Amino acid sequence: MLSIESTLAIFAMLGISSISLFWVKWAKIPHTVLLVCIGIVIGILSYIPAFSFFGQFSLTPELLFYLLLPTLIFESAYNINVRRMVEDTPIILILSVISLLVSTAVIGVALHFALGLLGFSIPLIVSLLFGALISATDPVAVLALFKEYGAPRRLSLIFEGESLFNDATAVALFLVLLEIARFGFHGFDTVLEGAVSFTSMMIGGVLFGVITGGVFAKLVGMYRENEVASITLTIVLAHVTFILAEVLSHQLVIGSFHLFLSPIIATTVAALLMGNYGRSKIHPRAEEFIEKWWGQLAFLANSLIFILIGVLFVNIPTLDISMITVVLVTILIVATARALSIYPVVGLFNAVAPKEQKVPSAWQHLLSWGSLRGALAVTMVLLIPDNLSFEPWNLPLSPKEFLLSLTVGCIAATLFVKATTIQKFMRRLKLDALTHIEKIEAEEARALIHHEAKERVKRYEERGYINPTTAQELYHVHETKYKEACKIMTHVDTKTLALRVLRMYAIGIEKKHLKELYQYSEVNETVFRRLAGKLQLQLEAVEVGELAPNTSIHTDEKDIFESLATLLKKLFAHETAEEKTDNLYLYYRAQTIISRKVLKELQAHDASNAEHIFTKEALMHVIELYTTFKTQSQKKMGDIASTNPKRYQELSHKLAVLGLKKIEEATLRELYERQLITPKLFISLKEEIAKG
């Protein structure tokens with residue numbers, strides 16, 4: 001029940017969490033660890049009458065399962081590049097399913113016998129329940145550290161993919177084991193029912209996620225111009241998918257089998273679909289805001305969870321001094337089980353995997369050590385019924401309290417030991433080192449920054465903003481730094497890398513201006529997807545050193561949602577011959593425009609004598625390449641226009657009007673931001689421009 005005290009506690013915790021962002025560097029510990037420490041302090045303070053309101057708000061299964069967990073899952077999956085994830089699907093599935101099952105089994109059996117030796121008679125099903133709930137890794141805690149400390153991108157993706165999908169596997173396995181714990185084991189019937197439930201959760205969750213994600217992507221496309229609607233629909237998608245999957249799980253019965261849907265899998269798949277296929281349906285002005293909005297929601301959810309975990313540390317029920325031994329033994333078993341679920345399993349994978357998909361040994365060490373635990377483990381413990389009991393059970397704590405004690409102990413160990421040592425671990429393994437191309441990109445960025453600073457200093461001096469002495473001093477500082485950044489070009493071995501970086505830079509310019517064309521409807525969704533797909537394939541090819549990628553392909557088997565959408569369109573929405581021709585015209589027109597934009601920017605660099613990373617040789621090569629692109633696109637556009645001059649004259653006129661509308665809107669927004677017109681006039685004139 002939400003009361004004035006619990007409401008005050010929520011906002012006080014969020015306020016403290018926000019302020020604590022300024023304490024992180026001083027404390028020299030990860031933010032999630034600091035939040036737990038804050039939670040411990042709050043838990044202690046809650047016993048003082050003046051701060052008793054903190055005790056009115058606590059973690060509940062409903063709060064975690066229906067509000068906070070969907071937020072964290074959606075935010076994480078929404079930002080995953082599904083194309084890159086598909087490349088590593090085999091290892092992600094192996095880690096999220098096989099490794100989790102191995103970990104659960106090892107923890108369950110080892111804990112059962114180890115605690116027996118310590119004099120605690122714990123049923124095997126209880127230790128297996130614990131194995132299932134503690135084997136799921138927390139992506140939020142560890143990925144923030146990976147990002148901060150500079151872990152390799154592919155390793156971060158593997159870890160994130162594993163964390164997302166092993167959450168679903170862990171919950172599915174946990175629920176099956178919980179049913180056995182509640183109603184007993186009845187041989188083959190129980191095994192069959194458990195297998196059906198587990199399989200239906202996985203497959204049903206995927207299908208349901210595709211359906212809800214597809215429906216909401218369509219809705220977002222329909223209301224694309226309304227940014228508020230787009231943003232709201234993504235929030236609704238995350239929680240409706242999760243809650244509906246849970247509701248349907250209680251309703252679907254075929255014969256004597258109860259079919260379950262995994263809400264975590266469903267939400268993950270829906271978020272992946274919206275974040276990849278559905279992203280292009282979101283208006284560009286809303287897209288950036290949505291990313292920031294979901295980042296903010298994830299921060300709020302994460303803050304509450306880790307602060308409340310800290311409060312749990314204070315309020316956790318204990319046996320006596322012997323419980324410390326039990327927790328320590330459990331921590332060692334969990335760490336050992338994680339290692340056994342990584343090294344042998346990944347070793348077998350490496351034995352049969354292609355060279356480019358193998359997982360280096362240094363990565364395996366980090367996968368083993370970086371397995372932090374958090375929200376999901378607590379969520380699953382809280383789902384255990386309070387009245388769950390076993391015969392015999394000779395402990396003062398109930399099974400739920402006992403498992404909660406072990407869970408909190410393991411979370412504390414991963415946060416206070418593993419999380420605080422990950423940076424040193426990565427440095428020792430040299431996983432935070434920059435790649436060759438990242439070094440080139442760093443020098444390029446420095447050169448661009450200091451070159452622009454030099455030019456700005458000269459303009460400021462000419463306009464009288466700064467005196468000549470200050471200008472000369474600042475110019476010298478940036479000139480020195482600029483030359484230092486340029487020294488790397490003296491190495492012959494970097495020529496190819498420099499060309500790669502320049503090609504990637506050019507593709508980035510294309511993508512930026514393509515998005516602008518789409519924003520103002522100068523290309524439709526079909527054309528935007530084709531060009532965006534082609535640019536993405538070119539970028540990926542150049543990243544791995546292929547400087548002459550195939551420019552005729554627009555998608556491949558890695559883009560699973562795009563492939564599914566294409567199949568559905570072929571079945572239900574046939575494109576007419578006239579529409580195909582119009583789309584080709586728009587395609588080549590857009591290609592002409594973005595090629596011209598690249599040429600304009602590169603030629604400006606050439607004219608300014610900014611020969612930093614963009615050497616004369618590389619600049620001339622890429623300028624020549626994009627000149628060819630522009631010439632070819634112009635010719636093909638002209639060929640299409642010549643087939644029906646009147647039609648394409650009208651289309652050209654329409655596109656010109658849209659282009660001018662872009663100028664009108666930009667000018668209007670600038671006038672409004674400078675407060676030269678009132679909000680009332682801004683809205684009125686905006687509507688006037690929209691009507692044309």
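The values are calculated or read from the model by the stated rules, or taken from the named source; none is laboratory data. Worth saying up front: this structure is predicted, and the values here are computed from it rather than measured. A quick note on method: Cβ atoms are made from the backbone with ideal geometry, for glycine too, and the neighbour counts reach across all protein chains shown. Surface areas here come from the heavy atoms of the whole protein model, side chains and all, with no ligands, DNA or RNA. Shrake-Rupley method; radii C 1.70, N 1.55, O 1.52, S 1.80 Å.
What the table shows:
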| quantity | calculated |
| --- | --- |
| Signed unit charges on C-beta, dipole axis of the chain, positive-most listed residue SER521, ALA286, LEU625 | LEU625 |
| Highest average packing first - 265-274, 595-604, Cβ atoms within 10 Å | 265-274, 595-604 |
| Distance cut-off 35 Å, percentage of C-alpha pairs in the chain lying past it | 54 |
| Per residue solvent-accessible surface (Å²) - the chain, probe of 1.4 Å | 49 |
| Relative contact order of the chain, pairs being alpha-carbon contacts under 8 Å that are 6 or more residues apart, as % | 16 |
| Extreme residue, positive dipole direction of the chain, given options TYR465, GLY39, VAL126 (C-beta unit charges) | TYR465 |
| MRE, 222 nm, helices only [DSSP H, n ≥ 4, -39500 (n - 2.57), over the chain, to nearest 500] | -25000 deg cm²/dmol |
| Student exercise, the chain dipole from Lys, Arg, Asp, Glu Cβ charges, in Debye to nearest 20 | 1600 |
| For region 610-687, convex hull volume per residue from C-alpha positions, Å³ | 125 |
| Solvent-accessible area, 1.4 Å probe, carbon plus sulfur percent, for the chain | 63 |
